[in-house]
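The values are calculated or read from the model by the stated rules, or taken from the named source; none is laboratory data. Computed from a prediction, not measured in an experiment: that's the story for all the values here. Every residue, glycine among them, receives a Cβ derived from its backbone with ideal geometry; neighbour counts consider all protein chains shown.
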Amino acid sequence: MSKQFSLAGLLRVRGIQERAAAERLSRAVLDARHTEARDRHLRAALAGEGTEAVDVRSLAALAAARSASRSMLADLTALASTQEQTLAEARSEHEDARRAERGLDRLAQAHALRVRADELRSEQAELDEIASRIQTEDER
C-alpha cells in the first residue's frame with residue numbers, strides 16, 4: 001500500500017475552498033449586520049425628528065426630508081433583502097465545501113490508519129522472525 005495518501009492534493013484544494021467559502025460567509029454576515037445597523041440608525045433618527053413646522057418653508061423641508069428618508073429606507077430594505085439572499089447562498093456554499101473537505105479528511109484518516117496497521121504488521125512479522133531465529137539458535 002502506498003504510504004502517501006493519493007488524494008492529498010485534492011484534500012489541500014478542498015481545504016482552500018472551505019477557507020475561501022468561510023471568508024465569503026464572514027463577509028456576507030458583516031455586510032448584513034452593517035446594513036441592519038444603518039437601518040436601525042435611520043429609523044431611530046426618523047423617530048426622534050421634530051415634526052413641528054413653523055412656516056411653509058420648514059414644512060416643505062420637513063416633507064422633503066421625510067420623502068428622502070422613506071426612499072433611503074426602501075433602498076436599505078432592498079439591500080437587506082439582497083444581502084439575505086447572498087448570505088443564504090454563502091452559508092450553503094460553505095456547508096458544501098465543509099462537507100466535501102470532511103469526506104476527504106475521513107478518507108485520509110482511514111488511509112493513515114491502514115498504513116499504520118500495515119507498518120505495525122510488518123514490524124511484528126520482523127520481530128517474530130527475529131524471535132524464531134533466536135529460538136532456533138537456542139535449541140541447537
### Message
If I ask for residues that are surrounded by 11 or more Cβ atoms within 10 Å (Cβ to Cβ) and either more than 19 Å from R33 (Cβ to Cβ) or within 25 Å of the chain's Cα centre (by Cα) (or both), which ones from region 49-73 would you list?
### Response
E49, A53, S58, L59, A60, A61, L62, A63, A65, R66, S69, R70
### Query
Just a yes or no: is a residue in region 74-94 over 23 Å from the mean Cα position of the chain (by Cα), in a helix (DSSP H, G or I), modelled with pLDDT of 90 or more and among the small types (G, A, S)?
yes
### Message
I'd like the full set of residues that are among the charged types (D, E, K, R) and either surrounded by 10 or more Cβ atoms within 10 Å (Cβ to Cβ) or not in a helix (DSSP H, G or I) (or both), limited to region 130-140.
### Response
R133, R140
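When the residues of region 1-41 are filtered to those that are acidic (D, E) and within 11 Å of the chain's Cα centre (by Cα), which remaining residue is surrounded by the fewest Cβ atoms within 10 Å (Cβ to Cβ)?
E23
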### Query
Are any of the residues in region 97-116 in contact with an Asp or Glu (Cβ under 8 Å, 6 or more places away or on another chain) and under 27 Å from R38 (Cα atoms)?
no
